């Protein structure tokens, strides 16, 4: 274990709000008062603190205290898993473009199952207006139903990828964030993440060894807006 990059001495006391504690290179959330919620966002709910049009927001579905914020966004008609927390350090880890945390989606698309060439394009990279996407994992779950795993956080990325190959999304559900999934969490319901889940989530957000060695930044993305704003 290290404190601000230095090996911690046995019995050392620290102020968790003022130092960075890591275990095997992974940030350890230790500050008092931190909360981590996993929400299954329903269709029609907005990922904002409030909405001038009076539409329901994700904040109305979780406890009002302590105040939390969403890590990234899902657009109004995208359903599925969303993390809300008051841990700014973990949120920054999950959002940084160099970390490439996996996000898995199930997409019902128009036009039936994409042809092999369209699936290959989705897997290899799709040319979008803001540049080509990185390779994605794509599988066919049923006729017209795809499983996609992406590693970027561009605005409405999954929808734009499917549009680009001629199969617009009719329904989109995020089913996994990094190592976190929960098939038993009903739409509109939330639960607290366990300590093990928080640690595994932080571990999944560490930069790859290749990125660390290169010391370079990947091109910026709109991760703060998430892939389906």
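Every number here is computed from the coordinates shown, using simple stated rules; none is lab data. What you see is a predicted model; the values in this text were computed from it and never measured. Counting neighbours? That spans all protein chains shown, and the Cβs are built from the backbone with ideal geometry, glycine included.
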Practice task
Between residue 200 and residue 137, take the C-beta separation as r, use R0 = 25 Å, and let me know the FRET efficiency to the nearest 0.05.
Solution key: 0.80
Problem - Relative contact order (%) - criterion: Cα under 8 Å, at least six apart; region: the range 103-177 - result: 48
Practice task
Using 0.36 nm per residue of separation minus the Cα-Cα distance, give me the extension gain between residue 184 and residue 49 in nm, one decimal.
Solution key: 46.0 nm
Practice task
Multiply the residue separation of residue 124 and residue 108 by 0.36 nm, subtract the distance between their alpha-carbon atoms, and state the gained length in nm to one decimal.
Solution key: 3.7 nm
Exercise for the section: Arrange 36, 105 by Cβ neighbour counts within 10 Å, fewest through most, would you? Expected result: 36, 105
Exercise for the section: Quickly rank 166-178, 57-69 as a protection proxy: mean count of other C-beta atoms within 10 Å, highest first. Expected result: 166-178, 57-69
